Amino acid sequence: MTPVHFTFSSAFLLGLTGLAFHRFHLLSALLCLEGMMLSLYIALSLWTLQLNSTCFSAAPMLLLAFSACEAGAGLALLVATARTHGSDRLQSLNLLQC
């Protein structure tokens, strides 16, 4: 495993462990998801550069577009929960309440 692969794998796993173990606030969960998506974007970009192929050149841009949509939807949910519940703590959210 090259140091570049190790760096992006460890960045992804760091975001995954942050998402798994530090789920106190919705904002921290969104930041962990964004870090995971950015590490995937950079790894996919470097992979297409290493292959010297134009077939996969649109894949990183598509992933970046989906990650921007995910961030926008996450921030909209963050604002909605902060307005209705008063905080962004995940323990205060109840899926049974409307």
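Across segment 1-78, Cα-Cα distances exceeding 21 Å account for 35% of all pairs. Computed on protein heavy atoms with a 1.4 Å probe, the accessible areas place Cys55, Cys69 in the order Cys55, Cys69, largest first. Sequence-distant contacts, meaning Cα pairs under 8 Å at least 6 residues apart, place the relative contact order of the chain at 29 percent. The residues of the chain have, on average, 72 Å² of accessible surface per residue, using a 1.4 Å probe with all protein chains present. Ignoring ligands, DNA and RNA, what percent of the 1.4 Å accessible area of segment 18-98 is carbon and sulfur? Exposed carbon and sulfur together represent 72 percent of the surface. Over all other residues within a Cβ to Cβ distance under 12 Å of Leu77, the charged ones net out to -1, with Lys and Arg as +1 and Asp and Glu as -1. Placing dummy labels 7 Å off each Cα toward the beta-carbon, the span from Gln50 to Ser92 is 4.5 nm. Label-to-label distance, Ala59 versus Met1, with points set 7 angstrom from Cα along the beta-carbon direction: 2.0 nm.
The values are calculated or read from the model by the stated rules, or taken from the named source; none is laboratory data. In this text the structure is predicted, and so the values were computed from the model without any measurement. We place every Cβ from the backbone using ideal geometry, glycine too, and count neighbours over all the protein chains shown. Calculation scope for accessible area: heavy atoms of the full protein, side chains included, ligands and nucleic acids excluded. Shrake-Rupley method; radii C 1.70, N 1.55, O 1.52, S 1.80 Å.
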